[in-house]
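Peer 1: Have a look at this one.
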Amino acid sequence: GCELPQPGAPAEMYLAFGRRSGKTRFEAAAGVHAWAEDYRDRGLSLGEWATISCHCVDKRQARTWFEYCKGLIEASPILSAEVANITSESIESKHFTRLEVFTSNFRSARGYSMPLAIVDEAAYLRDELSAQPDFELRRALLPALATLHGRLLVASSLHRRSGLMWDMHRKHYAKVAA
């Protein structure tokens with residue numbers, strides 16, 4: 001009695017990981033894969049960048065994700081040949097695609113065109129101005145993903161029975177065509 005899953009990649013993916021299970025390395029591989037693509041013919045304006053974002057709880061976690069991405073790119077002669085510029089917070093390609101770390105504040109996500117947005121440790125996000133920072137960040141990211149028909153990847157080790165990860169678990173766990 002289960003329905004078949006929809007064809008193609010999902011627009012949103014929520015992944016629960018155990019601690020020390022390779023979650024950040026997985027997110028980095030997904031980010032670098034998206035960074036390697038050229039999005040200029042998919043709706044970007046002239047001079048506009050496609051931004052692959054990773055929204056982290058703090059700078060330490062952001063640095064870890066960023067260093068994994070940098071390591072993957074530097075280890076590949078093909079990918080490293082595409083690098084135009086590296087700063088402390090972004091890696092820019094020659095084809096106008098940028099990997100960039102962001103804070104977990106929903107205000108930081110506005111004004112970008114994103115083919116992939118990653119939310120790291122969603123169950124641990126905190127914001128003094130919002131009771132539900134994970135829901136607010138998701139709401140802010142969806143319009144940024146719309147231009148390029150981007151995907152949202154939310155990953156976290158589980159922490160509490162509330163919030164975005166818990167809500168998605170309740171709605172979709174063990175439902176094939178959810």
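Peer 1: Select from Leu137, Ala123, Ser88 the residue farthest towards the positive end of the dipole of the chain; place +1 on Cβ of Lys and Arg, -1 on Cβ of Asp and Glu, and compute about the Cα centre.
Peer 2: Looking along the dipole axis, the top candidate is Ala123.
Peer 1: Could you count how many Lys pairs in the chain have their Cα atoms under 29 Å apart, skipping same-chain pairs fewer than 8 positions apart? Don't jump to the answer; show the numbers that get you there.
Peer 2: Values: Lys23/Lys59; Lys23/Lys70; Lys23/Lys94; Lys23/Lys171; Lys23/Lys175; Lys59/Lys70; Lys59/Lys94; Lys70/Lys94.
The number of close lysine pairs in the chain is 8.
Peer 1: Once the chain is represented by equal point scatterers at the alpha-carbon sites, with solvent omitted, what log10 I(q)/I(0) does the Debye formula produce at q = 0.11, 0.19 Å⁻¹?
Peer 2: For the chain at q = 0.11, 0.19 Å⁻¹, log10 I(q)/I(0) is -0.46, -1.31.
Peer 1: How far is it, in nm, from the label point at Glu67 to the one at Arg20 when both lie 7 Å from their Cα along the line to the Cβ?
Peer 2: 1.7 nm
Peer 1: Now a separate question. If you average the C-alpha positions of segment 161-176 and of segment 20-42 separately, how far apart do those two centres end up, in angstrom?
Peer 2: Here the two parts' Cα centres lie 24 Å apart.
Peer 1: Might you report the magnitude of the Cβ-based charge dipole of segment 82-132 about its Cα centre, with Lys and Arg at +1 and Asp and Glu at -1, to the nearest 20 debye? Intermediate results must be reported in sequence, preceding the final value.
Peer 2: Numbers: 5 positive and 8 negative charges, 40 e Å.
Magnitude of the dipole: close to 200 debye.
Peer 1: Just going by the charge dipole of the chain, with Lys and Arg at +1 and Asp and Glu at -1 on Cβ, which of Ala16, Gly31, Trp49 is farthest out on the positive end?
Peer 2: Ala16
Peer 1: Provide the FRET efficiency to the nearest 0.05 for the Ala174-Arg42 pair, computing r from the beta carbons and using R0 = 22 Å. Could the numbers behind the result be given before it?
Peer 2: Details: r = 34 Å, r/R0 = 1.57.
Efficiency, from the Cβ-Cβ distance: 0.05.
Peer 1: If each DSSP helix of 4+ residues adds -39,500 (n - 2.57) and the sum is divided by the residues in the chain, what number results at 222 nm, nearest 500 deg cm²/dmol?
Peer 2: -9500 deg cm²/dmol
Peer 1: Any idea what the dipole of segment 20-178 comes to, in debye rounded to 20, about its Cα centre with Lys/Arg Cβ at +1 and Asp/Glu Cβ at -1? Please report the intermediate quantities before stating the final value.
Peer 2: Values: 22 positive and 19 negative charges, 130 e Å.
It works out to roughly 620 debye.
Peer 1: Just Arg138, Arg60, Arg98 to compare: in a GNM of the chain, with alpha carbon springs under 10 Å, which one fluctuates most?
Peer 2: Of Arg138, Arg60, Arg98, the Gaussian network model singles out Arg60 as fluctuating most.
Peer 1: Can you give me the distance in nm between label points at Glu12 and Ser162, each placed 7 Å from the Cα along the Cα-to-Cβ direction?
Peer 2: 2.0 nm
Peer 1: To the nearest 10 Å², what's Ser108's accessible area with a 1.4 Å probe?
Peer 2: Near enough 30 Å² of accessible area.
The values are calculated or read from the model by the stated rules, or taken from the named source; none is laboratory data. Remember, predicted model here, so these are calculated numbers, not experimental data. Cβ: placed from backbone, ideal geometry, glycine included. Neighbour counts: every protein chain shown. Quick note on the areas: whole protein, heavy atoms, side chains included, nothing else; ligands and nucleic acids left out. Shrake-Rupley method; radii C 1.70, N 1.55, O 1.52, S 1.80 Å.
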